[in-house]
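K.L.:
Sharing a structure below in structure tokens format, with a few things to ask.
The values are calculated or read from the model by the stated rules, or taken from the named source; none is laboratory data. A quick note: this is a predicted structure, and the numbers were derived from the prediction, not measured. Neighbour counts run over all protein chains shown; Cβ positions are idealised from the backbone, glycine included. Note: accessible area is taken over every heavy atom of the protein model, side chains too, but ligands, DNA and RNA are not part of it. Shrake-Rupley method; radii C 1.70, N 1.55, O 1.52, S 1.80 Å.
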Amino acid sequence: MPPAPNAPLINRLARLQSPFLRAELKRRLRAIEHHLVRLETETARRISADPALARRHAILISIPGLRPAIAATLLAGLAEMGTLNAKQAAMLTGLAPVAHDSGPRRGRRAIRGGRKGVRNALSMAALSASRYNKALAAFATRLRNAGKPAKVVLVAVMRKLVIMANALITQDRFWSPIAP
């Protein structure tokens, strides 16, 4: 589960000594919580108002590790999902390895570009999926055992997630642990 967006404020509240500042920070935290509830409610209302969008959202949240907020971010930030091939989906999210070659020199591949908001949401989903999605957990473990750095494993799981989400929406089917 990703940290709450107001976690820094909660940490600050624990350290504050002044009663006035504590009261002000508590008021601010309540306002943030109220704002988050309103945003989640409005997002859910808009998704449920469109049957096609609601279906795509339901498909996305069927994947273990993808929560409703992350699914909504994917739908908003990657509207083309379902019409892309795997390479296009990875490139649009900035998860495709890009070569840093020049002439005979072969540089390390790195990810870059793409849609940062979608990539950030996928990083939170990948952390969760690499723990709770059995297929992705096995994939992550296999990469870790092969000596891959933690960030490389995370990016690989993120890429698998976006490709999986795109494929499921293309096929208009829900996630299942055993591929059909």
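K.L.:
If amide hydrogens are placed 1.01 Å from N in the peptide plane, which non-local residues have theirs closer than 5 Å to the one on R115?
P.N.:
T93, G94
K.L.:
Pick from P51, P68, P97: which is most flexible by mean-square fluctuation in a GNM of the chain where alpha carbon atoms under 10 Å apart are linked?
P.N.:
Sorting by GNM fluctuation, first place goes to P51.
K.L.:
Quick check: with the 1.4 Å probe, what order do M81, M124 take by accessible area, largest first?
P.N.:
The residues order as M124, M81, largest area first.
K.L.:
Under unit Cβ charges (Lys, Arg +1; Asp, Glu -1), what dipole magnitude, rounded to 20 debye, does the chain have relative to its Cα centre?
P.N.:
Rounded to the nearest 20 debye, it is 720 debye.
K.L.:
Which order do you get for R46, R15, R55 if you rank them by accessible area with a 1.4 Å probe, largest at the top?
P.N.:
The most accessible residue leads, giving R15, R46, R55.
K.L.:
Pick from A140, A125, A76: which residue has the top mean-square fluctuation in a GNM of the chain where Cα pairs under 10 Å get a spring?
P.N.:
Answer for the Gaussian network model of the chain: A76.
K.L.:
Next question, about the same structure. Run the accessible area of the stretch 59-180 with a 1.4 Å probe and give the carbon-and-sulfur part as a rounded percent. List each step's numbers first, then the result.
P.N.:
Numbers: 4010 of 6800 Å².
On the stretch 59-180, the fraction of accessible area on carbon and sulfur atoms equals 59 percent.
K.L.:
Hey, can you list the DSSP H helices of the chain whose Cα span along the axis is 27 Å or longer and whose average Kyte-Doolittle score is at least 1.0?
P.N.:
Span-like helices here: 150-171.
K.L.:
May I ask which residue of A156, G107, A72 lies farthest towards the positive end of the charge dipole of the chain, with charges of +1 (Lys, Arg) and -1 (Asp, Glu) on Cβ and the Cα centre as origin?
P.N.:
In the chain, that residue is G107.
K.L.:
What is the extension gain from H100 to A58, computed as 0.36 nm multiplied by their sequence separation minus the C-alpha to C-alpha distance, in nm to one decimal?
P.N.:
Extra length from H100 to A58 when fully extended: 11.3 nm.
K.L.:
What net charge do the residues around I32 carry, taking every other residue with its C-beta under 15 Å from that of I32, with Lys and Arg at +1 and Asp and Glu at -1?
P.N.:
Neighbourhood net charge equals +3.
K.L.:
If K148, K116 are ordered by their accessible area, calculated over protein heavy atoms with a 1.4 Å probe, which sequence runs from highest to lowest?
P.N.:
K116, K148
K.L.:
Could you compute the net charge surrounding G77? Neighbours are other residues with a C-beta less than 14 Å from the C-beta of G77; K and R count +1, D and E count -1.
P.N.:
Residues close to G77 contribute a combined charge of +3.
K.L.:
Across the chain, how many lysine pairs, 8 or more positions apart or on different chains, have C-alpha atoms separated by under 24 Å? Please give the number.
P.N.:
13
K.L.:
Could you provide, to the nearest whole Å², the per residue accessible area of the chain with probe 1.4 Å?
P.N.:
Numbers: 11460 Å² over 180 residues.
In whole numbers, the chain has 64 Å² accessible per residue.
K.L.:
Still on this structure, please answer the following. Only Cα pairs within less than 10 Å get springs; with that Gaussian network setup on the chain, which residue of I163, I32, I70 has the largest fluctuation?
P.N.:
In the Gaussian network model the winner is I32.
K.L.:
Can you compute the modelled spin-label distance between R131 and V37, with each label point 7 Å from Cα toward Cβ, in nm?
P.N.:
Calculated label separation equals 2.6 nm.
K.L.:
Fully extended, how many nm does the chain gain between S48 and R112 (0.36 nm per residue separation, minus their Cα-Cα distance)?
P.N.:
19.7 nm
K.L.:
Could I ask something else about it? What's the extension gain from L13 to K26 if we count 0.36 nm per residue and subtract their Cα-Cα distance?
P.N.:
Numbers: separation 13, 0.36 × 13 = 4.68 nm, distance 0.77 nm.
Here the segment from L13 to K26 would lengthen by 3.9 nm.
K.L.:
Using only alpha carbon positions, build the gyration tensor of the chain, then give the equivalent ellipsoid semi-axes as the square roots of 5 times its eigenvalues, largest first, whole angstrom. Intermediate values should be presented prior to the final figure.
P.N.:
Values: eigenvalues 212, 112, 51 Å².
After diagonalising the Cα gyration tensor, the semi-axes are 33, 24, 16 Å.
K.L.:
Report the Cα-based extents of the stretch 1-75 along its three principal axes, largest first, to the nearest Å.
P.N.:
51, 24, 12
K.L.:
What percentages make up the Cα-Cα pair-distance distribution of the stretch 73-173 when the bins are 10 Å wide from 0?
P.N.:
Result, from short to long distances: 16, 44, 32, 8, 1 percent.
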